[in-house]
Protein chains: 2
Amino acid sequence: MSVTLYDLAGADPALRFSPYCWRTKMALAHKGLAIETVPWRFTEKDRIAFSGQGRVPVIVDGDRVVFDSWTIAEYLEDTYPDRPSLFGGPVGRAHARFINGWADAGLHPGIARMVVRDIFDVLAPQDQAYFRASREAALGATLEAVEGREARLEAWRALLAPVRLVLRAHAFLGGEGPSYADHILFGTLQWPRSVSAFALLAPDDPVAAWFGRVGALYGGLGGTARTV
Amino acid sequence: MSVTLYDLAGADPALRFSPYCWRTKMALAHKGLAIETVPWRFTEKDRIAFSGQGRVPVIVDGDRVVFDSWTIAEYLEDTYPDRPSLFGGPVGRAHARFINGWADAGLHPGIARMVVRDIFDVLAPQDQAYFRASREAALGATLEAVEGREARLEAWRALLAPVRLVLRAHAFLGGEGPSYADHILFGTLQWPRSVSAFALLAPDDPVAAWFGRVGALYGGLGGTARTV
């Protein structure tokens, strides 16, 4: 039986761009679980009301409903302990929680500012008004007023320094093979890649080569941002 | 037999302020190894020439000489696998390497700018000229021209967001107990604490409570920045 994932989609239902849904999709594949995705839009709160809240990812695994990408990763590790580990034990899990917070607090605000206008363009029409209102309130500016990403790119790229340090020693953030830390950062970077032609990573950045390696995992699941 | 640690000291030989030496000291204590520290000054390159390089920490463990705090942590984990683990396995180790890079690349430059003048003041006279010349070259300014730390403090504190996220769930960055990730950040924060009256952490910051918990470990080893 496959696990159902409610997965944020654009106007094109095959375009899946949520960093958090990507983390969950990679974690499900890491565990070798079959995935059935359901395209979902920001304004379809009613369709996931059964989860008791209004955001994706939401997974349905038999009679279990779980939401929030970090909570889902812990659920998968605890429910499927005999399948490939996402964390490599409790210490690796605590350290991965740090990396999750680093990506969310450190990388996401800068990405959001750089691609927010591009996200608007790929959204389903019914989502665009919601997105504009909520994001403009958060940014304190119109989507069109958030500019100058070329000037901010270098400082954002510098935030990836600790990733590059790990990649000097290892192929993956998890070491010899991928861990949930890889899925965290992969989801983060898949998000701008899927909505924008603006390249956040320089082609010669070791992080770009790593991104290709992770995208090639699980039959190339993340090789494009199109639906599985 | 105890492990000898060459440990950066101030004019007062009991004052030990290197973040990297503190990481090593905590890791040695974590492994339950007896430690003998040797106070060392920046300009005493000849005294550690036997290590083949000129920086501390350097440890001497029987006939083994190891330098660089990360390399020492890996050495201790591999040499003493039956003692309490620093990493909790290979995935936790790779994730800890990320946290090491995050602290060094993300936190240290800001700390250095905020306390560089204070460090100068605690140094042994023979170290002060060396320190001023090397740091002023790196900073591109005189030590006295690096000011305005009150204005930079809030942005620096925001960098600790991922730490606070972990501490919502766990007592330590390693989870239920300390891991080398705790020793990494502890060393980073012990450094300004030991040389400056300028408080980097707000008293009500959960990171401050965590700092107290880690300082109380191993018989209160890190409770002050005075020598063991």
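What the table below lists for this structure:
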quantity	calculated
Whole-number D in µm²/s for the protein assembly as shown (Stokes-Einstein; Kirkwood sum over Cα pairs; 4 °C, 1.567 mPa s)	55 µm²/s
Heavy atoms of A:Leu8 accessible to a 1.4 Å probe, total area in Å² rounded to 10	10 Å²
10 Å Cβ neighbours from other chains, averaged over peptide B:153-161	1
Backbone N under 16 Å from the B:Thr224 label point (7 Å along Cα→Cβ), restricted to region B:1-31	B:10-17
Phi-based couplings in Hz for region B:138-146 (Karplus 6.51, -1.76, 1.60; Gly and Pro marked x)	5, 7, x, 7, 5, 4, 6, 7, 8
Charge dipole of the protein assembly as shown about the Cα centre (unit charges at C-beta), most positive-ward option of B:Pro206, B:Gly177, B:Ala11	B:Ala11
Positive-end residue, region B:1-130 charge dipole about Cα centroid, Cβ charges, pick of B:Leu107, B:Val38, B:Thr71	B:Leu107
Residue (of A:Phe87, A:Gly187, A:Ala158) at the positive-pole extreme of chain A, dipole from beta-carbon charges	A:Ala158
Between A and B, accessible area buried - total, square angstrom, nearest 100, 1.4 angstrom probe	2100 Å²
For region A:32-184, alpha-carbon Rg over 2.2 N^0.38 Å	1.22
Surface share of carbon and sulfur [accessible, 1.4 angstrom probe, percent] for the protein assembly as shown	56 percent
Averaged over B:175-182, number of beta-carbon atoms from partner chains that fall within 10 Å	3
Value at 222 nm in deg cm²/dmol, rounded to 500, when DSSP H runs of n ≥ 4 in chain B each add -39,500 (n - 2.57)	-15500 deg cm²/dmol
Partner chain coverage, peptide A:105-118 - average Cβ within 10 angstrom	1
Region B:121-191, accessible area per residue, ligands and nucleic acids excluded (1.4 Å, Å²)	44 Å²
Heavy-atom accessible area, 1.4 Å probe, ligands and nucleic acids excluded: residues of region A:83-102 down by at least 10 Å² from chain alone	A:Phe87, A:Gly88, A:Val91, A:Gly92, A:Ala94, A:His95, A:Arg97, A:Phe98, A:Ile99, A:Gly101, A:Trp102
Peptide ranges B:140-152, B:23-35 listed from the most packed, as the mean C-beta count within 10 angstrom indicates	B:23-35, B:140-152
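The values are calculated or read from the model by the stated rules, or taken from the named source; none is laboratory data. Since the structure is predicted, the reported quantities are computational estimates derived from the model, not experimental observations. In this analysis, Cβ positions are derived from the backbone assuming ideal geometry, glycine residues included, and neighbour counts consider all displayed protein chains. Note: areas computed on protein heavy atoms with side chains; ligands, DNA, RNA excluded. Shrake-Rupley method; radii C 1.70, N 1.55, O 1.52, S 1.80 Å.
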